[in-house]
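Undergrad: Quick one: structure below, then a few questions.
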Amino acid sequence: MKVLVYGTGYVGLVTGVCLANYGHKVVCLDIDKEKIYKLGNGKMPFYEPGLEEMLQKNRENGRLDFTNRLHSLDSFQVVFIAVGTPQKENGEANLRYVEEVAQEIGSMLRKEIVIIIKSTVPVGTSKKVHDIIDKAKNISVFEEDVKVHIVSNPEFLREGCAVYDFEHPDKIVIGSKKGPDGEFAREMMRNLYSSIKLRDDLYIEVKNETAELIKYACNAFLASKVAFINEMAQLCNETGADVQNIAKAMGADGRISSKFLNPGPGYGGSCFPKDVLALDYISKLNGLDLPIISSINRSNKKHIETTVARIIKIVAIGGMKVAVLGLSFKPETDDVRESPAIEIINQLLRKGVTVNATCPKGIPGAKVVLNNMEEYYQKSLNFFDDVYRAIYEADAIVLVTEWKEYRALDFDEVKRIMNGNIIFDLRNVYAKNSFVRKHFKYFGMGT
């Protein structure tokens, strides 16, 4: 099939590259000329394991192209809208870019194609996009009456595992009009995804409004599991219980499962905080007060504050040096948006602590985020590619993100080169390491 993807951010680029890898002819469009130039030369705008190699391969075999302008949709059978929906201050998703794309699509629409909304959008967006396109095509230079087909197809890609998730999805959700009016779109989507092996009951066809809400419901529920186990970790810190054994017992219950029951410094990234807030906004917009939904982000924020306060209580002495390991919000990504590491670093610097920060992929993004700090703080912040250089002469280590590189550190060497012996293990990576427990002042999360 011939596919057009609007947007080369995380969702759009992964979708376009992976579809091309399945044999579809894909064009990715973005108004950012510099980004399109780099992509055309096989260079990725962000880090995602395996994606750059897949992009280059499909560029070379002619199945993937990039452009920043388009004058016709005639050659395409499906069009993805995968542009950003940034969050407004009140939590509402900003649909400006989605609406601008819809307007452009409508102005060029003169044959029956399927428009697929891949962006995370609130309930009712499909209807809004349909109306924008329908109005734009009616006032265009083309007089033919072309039927508009809108599909809601939310993404469920995990940063760091996106290629695998696309090729091995646990579900595919297709939202369309009910009954015969949606059959053209549903049949087109079945053909588009026919190469992906999936049980029939996990290919879920629903109406648009249901599909739009499914994405928010999934992320909010997962965020609630993270928030819950983090609260349990706090309780374990005070009572002497072990949160890892609690999580193990909970995870053994088939009604709960063990996924997302790993305590940490708090969730971050571009999805959980934004989607939970958006879902809370949607509920209030519909006259509902949903206390569980509205409490999830508050719990996460409070947990990050509690974690920072626990660290500061022990290490926030002027002149101390702390090595912060991991800046991205999770391993295998360079995304530092809403990363707890950023807040931890900010608070340590404000207390007069010198921070040595290291991360396999997150340093460039962290430098951008932290660039707005006062000059005094900037002088106390150092970045190192090598983890042992970051640890050298440090009084304490704070492990924030559990990159593989940090799981098997040479602790004989660490002990030798550190000035102090404090380790804050915010991911419980070293909880069962007897050497660490014996030779360092070890502080885990609920252990």
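Values quoted throughout were computed directly from the atomic coordinates according to the rules given, and no laboratory measurement underlies them. None of these values were measured; they are calculated from a predicted model. No Cβ is skipped: glycine too gets one built from the backbone with ideal geometry, and neighbour counts run over all protein chains shown.
Undergrad: So for the pair S75, K313, with labels modelled 7 Å out along Cα→Cβ, what separation do we get in nm?
TA: Label at S75, label at K313, 6.4 nm between them.
Undergrad: Using alpha-carbon positions, what is the distance between the centroids of the stretch 295-350 and the stretch 379-404, in Å?
TA: About 13 Å separates the Cα centre of the stretch 295-350 from the one of the stretch 379-404.
Undergrad: Roughly how far apart, in whole Å, are the Cα centres of the stretch 210-230 and the stretch 23-100?
TA: 27
Undergrad: Starting at the first residue of the stretch 416-426, write each ³J(HN,Hα) from the Karplus equation 6.51 cos²θ - 1.76 cosθ + 1.60 with θ = phi - 60°, in whole Hz, x for Gly and Pro.
TA: Computed from phi, the couplings for the stretch 416-426 are 5, 8, 7, 7, x, 9, 9, 10, 9, 9, 7 Hz.
Undergrad: Counting Lys and Arg as +1 and Asp and Glu as -1, each charge on the Cβ, what is the dipole of the chain about the Cα centre in debye, to the nearest 20?
TA: Working: 59 positive and 58 negative charges, 149 e Å.
The calculation lands at about 720 debye.
Undergrad: Can you give the relative contact order of the stretch 378-447 as a percent, counting alpha carbon pairs under 8 Å and 6+ residues apart? Walk me through the numbers on the way to the answer.
TA: Values: 85 pairs, mean separation 21.3, N = 70.
The normalised contact order for the stretch 378-447 reaches 30 percent.
Undergrad: Starting from the Cα of K118, draw a straight line to each of the aspartates and glutamates and keep only those under 14 Å, dropping any in the same chain fewer than 8 residues away.
TA: Reachable aspartates and glutamates: E99, E155, E209, E212.
Undergrad: What are the residues whose amide H is under 5 Å from the amide H of F80, where those residues sit 5 or more places off or on another chain and H is modelled from the backbone?
TA: Those lying under 5 Å, H to H, from F80 are L4, V5, Y6, I116.
Undergrad: Relative to the compact-globule scaling 2.2 N^0.38 Å, provide the ratio for the alpha-carbon radius of gyration of the stretch 272-443. Working shown, then result.
TA: Working: Rg = 17.4 Å, N = 172, 2.2 N^0.38 = 15.6 Å.
Expressed relative to 2.2 N^0.38 Å, the Cα Rg reads 1.12.
Undergrad: What is the order of D334, D412, D275, fewest Cβ neighbours within 10 Å to most? If you can, show how the numbers build up before the last one.
TA: On the way: D334 20, D412 10, D275 25.
Ordered from fewest to most neighbouring Cβ atoms within 10 Å, D334, D412, D275 come out as D412, D334, D275.
Undergrad: Further, regarding this structure: With +1 on each Lys and Arg Cβ and -1 on each Asp and Glu Cβ, how big is the dipole of the stretch 272-443 about its Cα centre, in debye rounded to the nearest 20? Numbers along the way, then the final one.
TA: Details: 25 positive and 21 negative charges, 111 e Å.
Result for the stretch 272-443 is approximately 540 debye, rounded to the nearest 20.
Undergrad: Taking 0.36 nm per residue of separation and subtracting the Cα-Cα distance, what length does fully extending E305 through I256 add? Before the final figure, lay out the partial values.
TA: Values: separation 49, 0.36 × 49 = 17.64 nm, distance 2.73 nm.
Taking E305 through I256 to full extension adds about 14.9 nm, to one decimal.
Undergrad: Considering only L29, I105, I314, whose Cα is most displaced toward the positive end of the charge dipole of the chain, charges sitting on Cβ of Lys, Arg (+1) and Asp, Glu (-1)?
TA: I314
Undergrad: Would you kindly derive the ³J(HN,Hα) couplings of the stretch 183-196 from the backbone phi angles with the Karplus curve 6.51 cos²θ - 1.76 cosθ + 1.60 (θ = phi - 60°), listing them in order in whole Hz, with x for Gly and Pro?
TA: In residue order, the calculated couplings are 5, 4, 5, 5, 5, 5, 5, 4, 5, 4, 9, 5, 7, 8 Hz.
Undergrad: Among L426, T8, S119, whose Cα sits farthest toward the positive end of the charge dipole of the chain (+1 at Cβ of Lys/Arg, -1 at Cβ of Asp/Glu, about the Cα centre)?
TA: L426
Undergrad: A further question on this structure: When a footprinting reagent is the concern and you count Cβ atoms within 10 Å, what order do I256, I292 take, fewest first? Kindly include the intermediate steps, with their values, before the conclusion.
TA: Numbers: I256 13, I292 9.
By the 10 Å Cβ count, ascending, the order reads I292, I256.
Undergrad: Starting from one equal scatterer on each C-alpha and no solvent at all, send me the Debye-based log10 I(q)/I(0) for the stretch 1-149 at q = 0.15, 0.18 Å⁻¹, two decimals.
TA: Taking Cα atoms of the stretch 1-149 as identical point scatterers yields -0.77, -1.05.
Undergrad: Can you pull out the trypsin sites (Lys or Arg not before Pro) in the stretch 244-286 whose DSSP state is coil and whose Cβ has at most 10 other Cβ atoms within 10 Å?
TA: Details: sites: K248, R255, K259, K274, K284; in loops: R255, K259.
For trypsin sites (Lys or Arg not before Pro) across the stretch 244-286 that sit outside H, G, I, E and B with at most 10 neighbouring Cβ atoms in 10 Å, the list reads R255, K259.
Undergrad: Let me ask something else about it. When the Cα atoms of the chain are enclosed in a convex hull and the volume is divided per residue, what value in Å³ results? Spell out each step's value before the answer.
TA: Values: hull volume 72.0 nm³, N = 447.
That works out to 161 Å³ per residue.
Undergrad: Another question about this same structure. In what order do E413, E99 fall by count of nearby beta-carbon atoms within 10 Å, going from fewest to most? Display every interim value, and only then the final one.
TA: Values: E413 11, E99 16.
Neighbour counts put them in this order, fewest first: E413, E99.
Undergrad: A follow-up question, please. Which entries in K225/K284; K415/K441; K38/K330; K147/K178 show an alpha-carbon gap greater than 18 Å?
TA: On the way: K225/K284 22 Å; K415/K441 11 Å; K38/K330 26 Å; K147/K178 15 Å.
Correct reply: K225/K284; K38/K330.
Undergrad: Right, another one. Which ³J(HN,Hα) values, rounded to whole Hz and listed in residue order, are derived for the stretch 53-67 from phi using the Karplus coefficients 6.51, -1.76 and 1.60 in 6.51 cos²θ - 1.76 cosθ + 1.60 with θ = phi - 60°, glycine and proline given as x?
TA: Once rounded to whole Hz, the list reads 5, 5, 4, 4, 4, 7, 5, 5, 8, x, 9, 9, 9, 10, 8.
Undergrad: Here are some pairs, K135/K207; K35/K259; K367/K404; which of them have Cα atoms lying more than 30 Å apart in this structure?
TA: Working: K135/K207 22 Å; K35/K259 36 Å; K367/K404 22 Å.
Going by Cα-Cα distance, K35/K259 fall outside the 30 Å limit.
Undergrad: Same structure, new question: R0 = 25 Å: FRET efficiency of S195 with I31, Cβ-based, nearest 0.05?
TA: Working: r = 30 Å, r/R0 = 1.20.
It comes out at approximately 0.25.
Undergrad: With each run of n ≥ 4 DSSP H residues scored as -39500 (n - 2.57), what mean residue ellipticity at 222 nm is computed for the chain after dividing by its residue count and rounding to the nearest 500 deg cm²/dmol? Could the numbers behind the result be given before it?
TA: Numbers: 17 runs with 194 residues, N = 447.
So the calculated ellipticity at 222 nm is -13500 deg cm²/dmol.
Undergrad: Sticking with this one: Which listed residue (N153, I133, N371) has the Cα farthest towards the positive end of the charge dipole for the chain, taking +1 on Lys and Arg C-beta and -1 on Asp and Glu C-beta about the Cα centre?
TA: The Cα lying farthest towards the positive end belongs to N371.
Undergrad: Amide H to amide H, which residues 5 or more places from F383 or on other chains are under 5 Å from it, using H placed in the peptide plane?
TA: So F383 has HN proximity to A357.
Undergrad: Can you compute the charge dipole magnitude of the stretch 48-162 about its Cα centre, using +1 on each Lys and Arg Cβ and -1 on each Asp and Glu Cβ, nothing else charged? Give it in debye, rounded to the nearest 20.
TA: Details: 15 positive and 19 negative charges, 27 e Å.
Computed about the Cα centre, the dipole is about 140 debye.
Undergrad: On to the next question. Long-range amide H contacts for I397: which residues qualify at under 5 Å (H placed 1.01 Å from N, peptide plane, sequence gap of 5 or more or a different chain)?
TA: Result for I397 returns A323, I422, I423, F424.
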